[in-house]
1. For the range 119-143, which positions are in a helix (DSSP H, G or I) and among the small types (Gly, Ala, Ser)?
2. Looking at Leu31, is it open to solvent by less than 100 Å² (accessible area, probe 1.4 Å), at pLDDT below 95 and closer than 30 Å to Lys110 by Cα?
3. Scanning the range 98-114 for residues that are open to solvent by less than 80 Å² (accessible area, probe 1.4 Å) and of a type outside the set (A, V, I, L, M), which turns out farthest from Leu34 (Cα to Cα)?
4. State which residue pairs qualify: first residue over 12 Å from Gln115 (Cα atoms) and inside the range 43-61, second residue of a type in the set (D, E, K, R) in any location, beta carbons under 7 Å apart, and separation of 6 or more residues or different chains.
5. With the requirement that a residue be of a type in the set (Gly, Ala, Ser) and at pLDDT below 90, what does the range 45-83 give you?
6. Tell me, yes or no, whether the range 144-155 has at least one residue that is in contact (Cβ under 8 Å) with a residue 24 or more places away in the chain, of a type in the set (A, V, I, L, M) and not in a loop (DSSP other than H, G, I, E, B).
7. Can you confirm whether the range 128-151 contains a residue that is closer than 24 Å to Val36 by Cβ, basic (Lys, Arg) and in contact with a Phe, Trp or Tyr (Cβ under 7 Å, 6 or more places away or on another chain)?
8. In the range 111-168, which residue that is of a type in the set (Val, Ile, Thr) and under 19 Å from the mean Cα position of the chain (by Cα) is nearest to Lys25 (Cα to Cα)?
Amino acid sequence: MKKFVFTLLVAAGVMAAGNLQAQTKIGYISLEELIVLMPEFKKADSSLKEYQEALGEEYNEMVQDFNTKDSLLSSKDTASYTKAQLEIKRKQLGELYLKIQNQNQTAQQKFQQKQQELIAPIQKKAMETVQAIAKESGYAYVITKEAVMVGPPADDLLALAKKKLNIK
């Protein structure tokens, strides 16, 4: 009798677990695709391009300034300078050269900071949208499309996200 009751309980548990698993909805989405489709991203992207161009112009101005000063020190006009003046000008030229070398790294850091500043709110909005869709539609799990190689059948939530954000 104990074996029968135990077997009955195990069978009921397995059936309940199977039922519970059958009710679990799984979805996936590519956040990158969603973010790129958002109008806010297009504005941020154009702002980033303008910022990158400004950084490039700053670099070009520094190089042009360096070339001008280098030309002056290489010309015959240096005869009018004293040794001390030449030394100061060469030192300034060397400092400018080092500044130009560091400019690329500095510009890259500035660009990454600006990118984070502009993209973070868009990413947050995308995440909140996905969370709202999951809650409204009863999805227990939402996985990023890029992270899954093999998995159980799931629904692509991109269309629902586009609809919720009024993206065509």
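The values are calculated or read from the model by the stated rules, or taken from the named source; none is laboratory data. As the structure is a computational prediction, the values presented were derived from the model and not from experiment. Cβ sites come from the backbone with ideal geometry, for glycine too, and all protein chains shown count toward neighbours. Each accessible area value is taken on the protein alone, full model and side chains, heavy atoms only, with ligands, DNA and RNA left out. Shrake-Rupley method; radii C 1.70, N 1.55, O 1.52, S 1.80 Å.
1. Ala120, Ala126, Ala132, Ala134, Ser137
2. Details: open to solvent by less than 100 Å² (accessible area, probe 1.4 Å): yes; at pLDDT below 95: yes; closer than 30 Å to Lys110 by Cα: yes.
Yes.
3. Filtering the range 98-114 for residues that are open to solvent by less than 80 Å² (accessible area, probe 1.4 Å) and of a type outside the set (A, V, I, L, M), the one farthest from Leu34 (Cα to Cα) comes out as Gln103.
4. That search, which allows pairs on different chains as well, returns Leu55/Lys110.
5. If the condition is that a residue be of a type in the set (Gly, Ala, Ser) and at pLDDT below 90, then Ser71, Ser74, Ser75, Ala79, Ser80 are the ones that fit.
6. No; the residues of the range 144-155 include none that is in contact (Cβ under 8 Å) with a residue 24 or more places away in the chain, of a type in the set (A, V, I, L, M) and not in a loop (DSSP other than H, G, I, E, B).
7. So far as the range 128-151 goes, yes, one or more of its residues are closer than 24 Å to Val36 by Cβ, basic (Lys, Arg) and in contact with a Phe, Trp or Tyr (Cβ under 7 Å, 6 or more places away or on another chain).
8. Our first condition is that a residue be of a type in the set (Val, Ile, Thr); within the range 111-168, this holds for 119, 122, 129-130, 133, 142-144, 148, 150, 167.
The next check asks that each one be under 19 Å from the mean Cα position of the chain (by Cα); those that pass are 119, 122, 129-130, 143-144.
On the way: Ile119: 30, Ile122: 26, Thr129: 17, Val130: 14, Ile143: 11, Thr144: 15 Å.
Per the stated criteria, the residue is Ile143.
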